[in-house]
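The values are calculated or read from the model by the stated rules, or taken from the named source; none is laboratory data. Quick caveat, the model's predicted, so the values are computed rather than measured. Note: ideal-geometry Cβ built from the backbone for every residue, glycine included; neighbour counts use all protein chains shown.
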Amino acid sequence: MKAMLVLCMLAALALTEASVARAPATRSNLSLGYIQYGDRLLARQYLAKGALPNAIQYQDLIYRGNATTRISAIQAMEVGYTQWASAWVVAGGIGWNSATVRVQSARGYGYNYQIDIWGR
Ligand SMILES: *[C@@H]1O[C@H](CO)[C@@H](O)[C@H](O)[C@H]1NC(C)=O
Ligand SMILES: *[C@@H]1O[C@H](CO)[C@@H](O)[C@H](O)[C@H]1NC(C)=O
């Protein structure tokens, strides 16, 4: 009976593990593309979350430009002391008119990011 219970808990654990997206890189700061002459800051957003015990938290920033928008650079910088979080692009990006940037915390930590999207 007790062994049964442990098995069930393991299964539940594996499920939550699988449902959390894996960061492809463990870099805390993201810098893609180059800011070129004539580019403007299209969007600046701050994403922050406090620490939650034993939890991995994430959030997506979705930027959508118009038909003529071209994104030339995406930067995500950890603000303040490092919390070992990660940021990466899940959709769109450089050369597109839209981008989705995901920020994900380390387990048991929070994050505080400044995300800049440059382009024209
Ligand atoms: C489209 O977006 C760009 C910024 O990417 C802006 O400069 C331009 O004015 C916009 N055009 C229209 C028609 O809204
Ligand atoms: C990330 O960027 C911030 C702000 O520029 C800087 O203070 C920090 O040292 C950088 N972290 C890493 C791991 O490069």
Handout entry: Boolean, residue 111 is more than 16 Å from ligand 1 (Cβ to nearest atom), at pLDDT below 95 and of a type in the set (Phe, Trp, Tyr)
Key = no
Exercise for the section: Might you check whether a residue that is of a type in the set (A, V, I, L, M) and out of contact with any strand residue (DSSP E or B) (no Cβ under 7 Å at 6 or more places or on another chain) occurs anywhere in region 55-66? Expected result: yes
Problem - region 23-36 - residue that is part of a loop (DSSP other than H, G, I, E, B) and either modelled with pLDDT of 95 or more or surrounded by 11 or more Cβ atoms within 10 Å (Cβ to Cβ) (or both) and, of those, farthest from ligand 2 (Cβ to nearest atom) - result: 36
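Per-residue answers, yes or no, for (1) at pLDDT below 95; (2) within 16 Å of the chain's Cα centre (by Cα); (3) not hydroxyl-bearing (Ser, Thr, Tyr):
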position: 69; (1), (2), (3): no, no, no
position: 73; (1), (2), (3): no, yes, yes
position: 89; (1), (2), (3): no, yes, yes
position: 92; (1), (2), (3): no, yes, yes
position: 96; (1), (2), (3): no, no, yes
position: 106; (1), (2), (3): no, yes, yes
position: 116; (1), (2), (3): no, yes, yes
position: 119; (1), (2), (3): no, no, yes
Exercise for the section: Please work out which residue is farthest from ligand 1 (Cβ to nearest atom), limiting yourself to region 37-58 and to residues that are under 21 Å from residue 94 (Cβ atoms) and either hydroxyl-bearing (Ser, Thr, Tyr) or part of a strand (DSSP E or B) (or both). Expected result: 47
